[in-house]
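The values are calculated or read from the model by the stated rules, or taken from the named source; none is laboratory data. Since the structure is predicted, the reported quantities are computational estimates derived from the model, not experimental observations. Every residue, glycine among them, receives a Cβ derived from its backbone with ideal geometry; neighbour counts consider all protein chains shown. The area values use the complete protein model at the heavy-atom level, side chains included, leaving out ligands, DNA and RNA. Shrake-Rupley method; radii C 1.70, N 1.55, O 1.52, S 1.80 Å.
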Amino acid sequence: MSQKLANDDTIIPLTETTEEYSSLTLNNLPFDILFTICTYLDLRSLVRLSSTCRYLYDKCLHPLQFQTLNLQPYWYGITNYSIDNFFSLKCTQIKYLSLAWTKSIHLKSFTQLLNTQKLIQLNLACCQYINRAYIDVISKQCQQLEIINLENCFSLISDDFIALKNLKNLKSINFYRTKIDHRTLIPLIKNNYLHLEYVNLGACQQLSETDYIVKLLFSKCLQLKALDLWRAHGLSQNGFLSIIGERVNVDEEKQNPHDGITDELLNNLTTTVCCLENLKELDFGWCDLPPNFIQKFVKNCGKSLMKLFLTACRRITNDDMIAIGEYCPQLKQLDILGSRIINEESIHLVLKKCTNLEFLDLSFCDKIESKTIDMWNKMYKQCKSIKRSYSPRDQIDDIYTEFA
Amino acid sequence: MATNVEETYLYSSPTTFKVSSKDGEIFDIDDSFINQSKTIKNMLNVLDIADNHMPIPLQNIKGTMLNAAIVFCKYHKNDLLSIPDDEDEDDFERDAYEPRRSDDISEWDKEFIKQFTVEEGTLFDIIMAANYLDIKALLAVGCKTIANMVRGKNSDQVRQMFNISYDPPGEGLNTPRNSVTSKESGDNQLLTTQEKESRCKTPSPELMYD
């Protein structure tokens, strides 16, 4: 050392090189920077980066990097071995987990992976191996769970869902195309109604007592921001009317009393008008809404509404549209596909009044001319897309080009 | 927003200050830099410097990097007004666990970051400088650039690109230092290495795809 110091010549080039070249490399960056870099990486790139040397292995595959994990893009390759020997070891701090599309993860591996008590979000969409035993594990081990997605989990039937009622912190539930029924759904809603924000009951074919469920959601879930009832099963005209505080035929109700539903929550609420100030998204697709229902509904619930789907609601009226223009200032997307009643005048009003409107679907609306739509496209630039697939008045012969 | 305005008042009388780099270069900085560098902003609030002729020493940053950071902030001085809110906050179908986007580096930023390279290590220097100065936008551009370089490469390609030497168990970077100096810790080293081997089996990406 002292010899080197004595020789000035060796020192000067050394300092010069530190001027020009940095001593920094990827594998001596501090943890926080590496961590930030890794947050931009997909899982495969992350694992490959961490395979380069041990420093990067330790830093990049830190459990804090696995607070969120989405295995959906790797569904075809996820094995019980990889769960047991890699993910369960790394995911000790996991909060947000998606196992969507994965195939047959064993109950044991599943149990171990979820054994962190910290899970907030769990996505199990299309996981056909999910059965009652898995649901039991979730309800026991995921008490903090706020978001659950079970869409397209076909293997779950009737009572399989029952343990979910033990979860008391749910904000978002997605049961799209499952076989959940009212006996398991109602207790779940009752245990979580104070904080439910997102509910998807689309295409739930086993659902009954849907009128009661919808009334419960609209009158008690005051935090509700999004509700999807697309092709929801079992909604009657009375169900809709009770939301806006009306009822056509009370006798019918008496003849068909709810089987075994205790009504402590909904007592005296049957004729209350529902008022959801936070509702932003609503899908009534294929629900056959009664005429002028929307007109009264948006008066109370339209204030924050940004997306409204009235797909194939054939009986919606021009007065409904006028009310949307009046009471939905935030509206960004409107879908009235398949209406033969709605005319150009009322849609023009919506375009004029809803200045935030970006998407409007007028497909199969045969009271509206294509040339009018062309004109609107030029007049209302803020509306990025007015969709029109198939206009029945022009060229009837071309009806099949849609499917070509 | 209200607090921002108050903070601005604290040092609003002199709008330029001087900073000096590790290698003694002195730079003038103005609001564009102060507003984007939280480190400097905090420092000025605490220091309450009346005499703006005294340069603030930034001992961790070389002149070239400091200069680059100042240029970056000048270009981005108006960005702050539109801090992106979490727009998708209410999009319930969004997966909370998607990796953050890194394909959104603007053209200007892409050109800017090109002057820094892995070979010279300057890319890491500018990232460290951004980190020290706490300039969020610059740090993000640097980290995204590296992420974009890593993405889609296998381990060998990454090693080559970043000049990382493969360290087999028991050697290389992670060998405990004290093992060289004392006999006693020699035993420890053996143990640690074994532990490490069992714990740090080089993970194979194929693990997930078999």
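Just one of A:R54, A:R44 is basic (K, R) and at pLDDT 90 or above; which is it?
After ruling out the rest, the residue left standing is A:R44.
Which one of these does A:K371 not meet: (1) more than 18 Å from A:L305 (Cα to Cα); (2) part of a loop (DSSP other than H, G, I, E, B)?
Every listed condition holds for A:K371 apart from (2).
Would you check which residues across segment B:157-176 are more than 7 Å from chain A (Cβ to nearest Cβ) and modelled with pLDDT of 90 or more and list them?
B:Q157, B:Q160, B:M161, listed by residue number.
Step by step: first the residues of segment A:78-112, then only those that are at the interface with chain B (Cβ under 9 Å from one of its Cβ atoms) and within 26 Å of the chain's Cα centre (by Cα), then the one that is farthest from A:S139 (Cα to Cα). Which residue is that?
Among them, the one singled out is A:I78.
What are the residues in segment A:129-182 that are more than 19 Å from A:L194 (Cα to Cα) and basic (K, R), if any?
Within segment A:129-182, A:R132, A:K140, A:R177, A:K179 qualify.
Inspect segment A:96-108 for any residue being in a helix (DSSP H, G or I) and either in the same structural domain as A:S139 (by TED's automatic domain parsing) or open to solvent by 60 Å² or more (accessible area, probe 1.4 Å) (or both) and give the result as yes or no.
For segment A:96-108, residues in a helix (DSSP H, G or I) and either in the same structural domain as A:S139 (by TED's automatic domain parsing) or open to solvent by 60 Å² or more (accessible area, probe 1.4 Å) (or both): present.
Of the residues in segment A:150-167, how many are among the polar types (S, T, N, Q) and out of contact with any Ser or Thr (no Cβ under 8 Å at 6 or more places or on another chain)?
Result for segment A:150-167: 1.
Restricting segment A:36-53 to residues that are surrounded by 22 or more Cβ atoms within 10 Å (Cβ to Cβ) and more than 7 Å from chain B (Cβ to nearest Cβ), which is farthest from B:N154 (Cα to Cα)?
Result: A:C38.
Quick one: what pairs do we get from segment A:144-155, first residue more than 13 Å from A:Q206 (Cα to Cα) and touching a residue at least 12 places away in the same chain (Cβ under 8 Å), second polar (S, T, N, Q) and open to solvent by less than 50 Å² (accessible area, probe 1.4 Å), C-beta under 6 Å, 6+ apart or different chains?
A:I147/A:Q121; A:I147/A:S172; A:N149/A:N123; A:N149/A:N174; A:L150/A:T178; A:E151/A:N174; A:C153/A:T178
Restricting to segment A:54-77, count the residues that are open to solvent by less than 10 Å² (accessible area, probe 1.4 Å) and either within 19 Å of B:T145 (Cβ to Cβ) or within 8 Å of another protein chain (Cβ to nearest Cβ) (or both).
Matching residues across segment A:54-77 total 5.
Among the residues of segment A:143-169, what is the count of those that are on the phi > 0 side of the Ramachandran plot and either part of a loop (DSSP other than H, G, I, E, B) or open to solvent by less than 20 Å² (accessible area, probe 1.4 Å) (or both)?
Result for segment A:143-169: 1.
A quick yes/no check of all residues on (1) part of a strand (DSSP E or B); (2) farther than 23 Å from A:S242 by Cα; (3) not aromatic (F, W, Y):
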site	(1), (2), (3)
A:P290	no, no, yes
A:K296	no, no, yes
A:K299	no, no, yes
A:L308	yes, no, yes
A:C313	no, no, yes
A:I316	no, no, yes
A:L357	no, yes, yes
A:D366	no, yes, yes
A:M375	no, yes, yes
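Could you list, in sequence order, the residues of segment A:78-95 that are open to solvent by less than 40 Å² (accessible area, probe 1.4 Å) and assigned to a helix (DSSP H, G or I)?
A:N80, A:S82, A:I83, A:F86, A:F87, A:S88, A:K90 - these are the residues of segment A:78-95 that are open to solvent by less than 40 Å² (accessible area, probe 1.4 Å) and assigned to a helix (DSSP H, G or I).
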